[in-house]
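Right, one structure below, let's go through it.
Throughout, read-outs are computed from the coordinates displayed, never taken from laboratory work. Values in this document were obtained by computation on a predicted structure and should not be read as measured data. Here Cβ is always computed from backbone atoms with ideal geometry, including for glycine, and neighbour counts include all displayed protein chains.
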4 protein chains.
Amino acid sequence: MGLTPTTRGVYAIAPTPFDESGEVDHASIETLVEFYRRSGVDGITVLGLLGEVAKLTDQESREVVRRFVSTAGDLPVVVGVSAPGFRQMAGLSDDAMAAGAAGAMIAPAATLSTDEQITQYFANACSAVGASTPVVVQDFPLNSGVRISTTVLARIFSDNDNAVVLKHEDWPGLDKITALRNLIDSGGMPQVSILTGFGGAFLDCEMRRGASGAMTGYAFPELLVEVVGRGLAGEFDAMQEAFDAHLPYLRYEQQPGIGLAARKYVLHRRGAIASAAQRVPTVALSEQSRAEVDHLIARLMPSA
Amino acid sequence: MGLTPTTRGVYAIAPTPFDESGEVDHASIETLVEFYRRSGVDGITVLGLLGEVAKLTDQESREVVRRFVSTAGDLPVVVGVSAPGFRQMAGLSDDAMAAGAAGAMIAPAATLSTDEQITQYFANACSAVGASTPVVVQDFPLNSGVRISTTVLARIFSDNDNAVVLKHEDWPGLDKITALRNLIDSGGMPQVSILTGFGGAFLDCEMRRGASGAMTGYAFPELLVEVVGRGLAGEFDAMQEAFDAHLPYLRYEQQPGIGLAARKYVLHRRGAIASAAQRVPTVALSEQSRAEVDHLIARLMPSA
Amino acid sequence: MGLTPTTRGVYAIAPTPFDESGEVDHASIETLVEFYRRSGVDGITVLGLLGEVAKLTDQESREVVRRFVSTAGDLPVVVGVSAPGFRQMAGLSDDAMAAGAAGAMIAPAATLSTDEQITQYFANACSAVGASTPVVVQDFPLNSGVRISTTVLARIFSDNDNAVVLKHEDWPGLDKITALRNLIDSGGMPQVSILTGFGGAFLDCEMRRGASGAMTGYAFPELLVEVVGRGLAGEFDAMQEAFDAHLPYLRYEQQPGIGLAARKYVLHRRGAIASAAQRVPTVALSEQSRAEVDHLIARLMPSA
Amino acid sequence: MGLTPTTRGVYAIAPTPFDESGEVDHASIETLVEFYRRSGVDGITVLGLLGEVAKLTDQESREVVRRFVSTAGDLPVVVGVSAPGFRQMAGLSDDAMAAGAAGAMIAPAATLSTDEQITQYFANACSAVGASTPVVVQDFPLNSGVRISTTVLARIFSDNDNAVVLKHEDWPGLDKITALRNLIDSGGMPQVSILTGFGGAFLDCEMRRGASGAMTGYAFPELLVEVVGRGLAGEFDAMQEAFDAHLPYLRYEQQPGIGLAARKYVLHRRGAIASAAQRVPTVALSEQSRAEVDHLIARLMPSA
């Protein structure tokens, strides 16, 4: 059930549910997992960068992981384990894998810049979590401040056998998918699963470029499932039609800060979580923004 | 014909046309202006941040401005005059206004951070270009690295009589429009024209929030004209429909770097400029990207 | 024993001692505290930005604090409690104060930029740690990326009664001390203790400008004690002479990354900690750098 | 007289002199060159990053270069030609070399990050200025935001025959000098001159590490001449003594922004330029700062 270089499909990035008092809402983890399962996703990713993971204590993080994994059952759960020190990273990863997680996702430290620094960092990180832990390499420069070239990605995946998935969210990043696919096809790097993020904002193009699927947190995961499914099947016209209908709201959710507030609001409206609450400090959804979201999603959930 | 606090409509941000050898293509300035005129815009902005202005010599910048202004005739031309020194800023602005420009656009220096620094900078800049020069304050944090609060904007527009237009491109930035409109309505700051940018990516929401129009460079300015026109008329449903049809490609053009390449490619395909060439160093449009653009715009120009 | 607006003297920023296997070395906490006590400092600050605090688990952080506080006895211990969420911040602060700490040090979150955001952040943070917890406001833009104006500092210290100390490490920052002193003298803001950091690189000038003392981690705290003591006594010539003799090495320790490695190396050589080990990932001290340090400190410890 | 891989000694980075009205002060260029000549430097660098070059028009830049070159006579003059476009870069470089300059200095564009981007940029830049123009590669990450690894530097100097000097100002950067020297000695890269900058703040250590000299703008260039001379002669103790005496003020001048104001103030006090004026916007030297500078340099110019 662990991630492999041939992993395909949709991994929904789950927010961490809180109740109004700011406590982790474990009951909502159950409803959220059920929501994702019904939407048809192939897996769930928890403790992602946008999952308010930095606001959890170490203990809470582990409890959240265990609850997601135990609830998800046969649905694979990937765990974000990025940390300033490799010791913490390994500690969380070991705990998650022991609980039954499918892999560990690692973003580069913000202090990295040269190719050698980045390559060395992932070598150390992949070693720290252990050879039997499948690793997702997160490439999200707008957030991390670290730009990873195609050459460096090829080296990371060649050097570390347990690095099997790329969470691709460079912007612009479409040519990077093509370059990686060409490298893989020509034997320049091993097979690797390319799951795209960035809120799904370019998922249509990404599937045409050869992405293996999506790993992102859009509040309508069934749309991701449809787009990725049709994309993998080569049904590009139907894929584009489905995608385009969602783009006006999908774009809205992709705004930094307020995007997470909108996403939690919609997940709450859809019954997936009991409260849209975030832990402070946070970006609130204004009354006007809520109305905007309601308007933009009205067409996407006509029966609501 | 100069900009005023009640300016409304669409100001197309024009790229600088070059020929294949890298020379400024003055003939294409003429066809480009004609293209904009036919699309129904209310004005043109030249030497914007994305107009490759940094790659022009001082002399070339002035010649580009004069050619645009003389060609545009009664169509107002706004000129980007941002510069590290106020002396250069004033020099270019004076030259542009003498040639008949409608106003000067100024972005904050990247070194600014505190409220006082930003406020003082715009006071000095508004003074440098002269009291009779209408000023567009450019608020584009993703590009400038400078975040300007609503309070500071209110102070800038209150303190400087010639500051009359806000080029709004904060991200997220919708609540900022609402906050500014509330301040204006309650007398907390003077009337000001709010023209939104950011590639038009949120123009639908911006018009509902009270924007005065758009100032951006999308390669289908007629779409901006329709969206702004319907938005100002309160025809929001028709506005949304027009906007949504363009969003898949509009989003594509909004990518950093490659977006300008795509935009010039489309303007060239549409006959507005003789060549899509940029000055080096540049981001090229790959074969796959060109195909992607062709696909995304096919529905937007069915007769092509 | 808690921090107050009239706190003066030297607060040594303590590194976190680790053994060669990467475990927190609690025995070295004892020798380190003894070392600081002998050097004549007025207090100790733990879990500072350079204290590898980000590489500690929540549990380890609390244990480190308790060990320092219990060992320090009547020597005040200030605790760095900066955290992405106010809940964690309050949790660590509450635990530290209950153990007997003298105050909590808080740096602004990297996402802040406008005056209002910064002011609001410190209002929330000062409230989160509780009115009875003395707060040190850390102003270190080179590290945090957040530039806090004198006006904003005045507001923070005026609005929050428990904000009593400024850890000043802006660069350049000398005029800021003068501006704050002028504001305090003219009643524009309440009395506040200004303890300077930045490795002590400008401590001579800072004392002339009216600093209350130093809060930094230089490996020769007795020099800080002498400089601050003479500075507070107005013995500026003797102060300068003492300072100048240390500047060649002091400058060396102030280098980012490698500075901490040098500091731990010297503290180890001086018998203050059992090992210079850091937790991975880290910046190592090359053979040449060690020789350089040995050379630069030779004159400072002639008997060694 | 052009720069070569065996260039050694001190290249003084000259500020651009302005008169009180903000005009370039060509008469002061003459006195400044004479000042540098008397101080014993081996060359002068103009239009450096701190030379307010961004506030000059293209025309002024060329006039400044020509005046420096014609005044300097047999003293080599290096010209900063960094520019957003290669066309401008080549234009200024061609003009400078035709006037008799000794080389062109190029900093990386702020948009670069990966090894390939940096390598490609310098290949294009070295080509743009022409094979017969000696190039100084400027490595100043704190200012440019671009971190260049030793590996990439080796590639740049190996790939481009006209790249002959490294202006080294990484921080920390001492191990980089050692690494480059080792690479050169082992045949891993060609011979290259390493002239260090960063205000001279680590010049003592840099000379011991194998630097070829200094290229920086300290207001007492005779100190740089003595330190580099003694360092190249292996008289390290005398070198250190000379250096240490200047460090308290040298450190002061190395502050961002205000450092240039201090430097111009001292150069003015020493009679090298007629006015300390900068072009707006600028960082002013407060009354307290002036007093501080006076105090710190009193010991360095006892007869003053």
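A few points about this structure:
- Amide H contacts of A:Ala163 (H built 1.01 Å from N, in plane; Pro and chain starts excluded): A:Val135 sit under 5 Å, all sequence-distant by 5 or more or on other chains.
- Couplings 3J(HN,Hα) for the range B:271-277, derived from phi with the Karplus relation 6.51 cos²θ - 1.76 cosθ + 1.60 (θ = phi - 60°), are x, 7, 9, 6, 8, 8, 4 Hz, where x marks Gly and Pro.
- Residue-averaged beta-carbon neighbours from other chains (10 angstrom radius) around B:29-37: 0
- Applied to the range B:173-182, the Karplus parametrisation 6.51 cos²θ - 1.76 cosθ + 1.60 on θ = phi - 60° returns per-residue 3J(HN,Hα) values of x, 5, 5, 5, 4, 4, 4, 5, 4, 5 Hz, with x for Gly and Pro.
- In order through the range A:201-217: 3J(HN,Hα) via Karplus (6.51 cos²θ - 1.76 cosθ + 1.60), integer Hz, x for Gly, Pro: 4, 10, 4, 4, 5, 4, 5, 5, 7, x, 5, 8, x, 10, 9, 7, x
- Gaussian network model of chain D, springs between alpha carbon atoms under 10 Å - residue of D:Ser82, D:Ser275, D:Ser186 with greatest fluctuation: D:Ser186
- Inter-chain Cβ neighbour count for B:149-155, averaged per residue, equals 2 (cutoff 10 Å, partner chain atoms only).
- Stretched out straight at 0.36 nm per residue, the stretch from B:Met301 to B:Glu20 would grow longer than its current Cα-Cα span by 98.6 nm.
- Fluctuation leader among D:Gly229, D:Gly48, D:Gly85 - chain D, Gaussian network, Cα springs under 10 angstrom: D:Gly85
- Close amide H pairs (under 5 Å, H built 1.01 Å from N) link C:Gly9 with C:Gly213, C:Ala214, residues at least 5 positions away or on another chain.
- Along the axis of the charge dipole computed for the range A:251-291 (Cβ charges of +1 for Lys and Arg, -1 for Asp and Glu, origin at the Cα centre), the listed residues A:Gly259, A:Pro281, A:Gly271 are led at the positive end by A:Gly271.
- Euclidean distance of C-alpha centroids, the range C:88-152 and the range D:205-238, integer Å: 43 Å
- Amide proton proximity set for C:Thr282, modelled H, under 5 Å, gap of 5+: none
- Too-long pairs where the Cα-Cα distance tops 32 Å, listed order kept, from B:Lys176/C:Lys55; A:Lys264/B:Lys176; A:Lys167/C:Lys167: B:Lys176/C:Lys55; A:Lys167/C:Lys167
- For the range D:26-80, the Cβ-based charge dipole about the Cα centre amounts to some 20 debye (Lys, Arg positive; Asp, Glu negative; other atoms uncharged).
- Estimated [θ] at 222 nm from DSSP helical runs (n ≥ 4, -39500 (n - 2.57)) normalised by residues in chain A, nearest 500: -15000 deg cm²/dmol
- Panel order for C:Lys167, B:Lys176, by other beta carbons found within 10 Å of each beta carbon, from fewest to most: B:Lys176, C:Lys167.
- Listed residues A:Leu224, A:Gly213, A:Met189: farthest to the positive end of the dipole of the range A:156-274 (Cβ charges): A:Leu224
- The translational diffusion coefficient of chain A, from Stokes-Einstein at 4 °C and 1.567 mPa s with a Kirkwood hydrodynamic radius over alpha carbon pairs, comes to 67 µm²/s.
- Taking every C-alpha pair closer than 8 Å and separated by at least 6 residues, the mean separation divided by the residue count of the range C:9-246 gives a relative contact order of 18 percent.
- Convex hull volume per residue, computed on the Cα atoms of the protein assembly as shown, equals 167 Å³.
- Paramagnetic reach from A:Asn143 in the range A:1-32 [backbone N under 18 Å; point 7 Å along Cα→Cβ]: A:10-18
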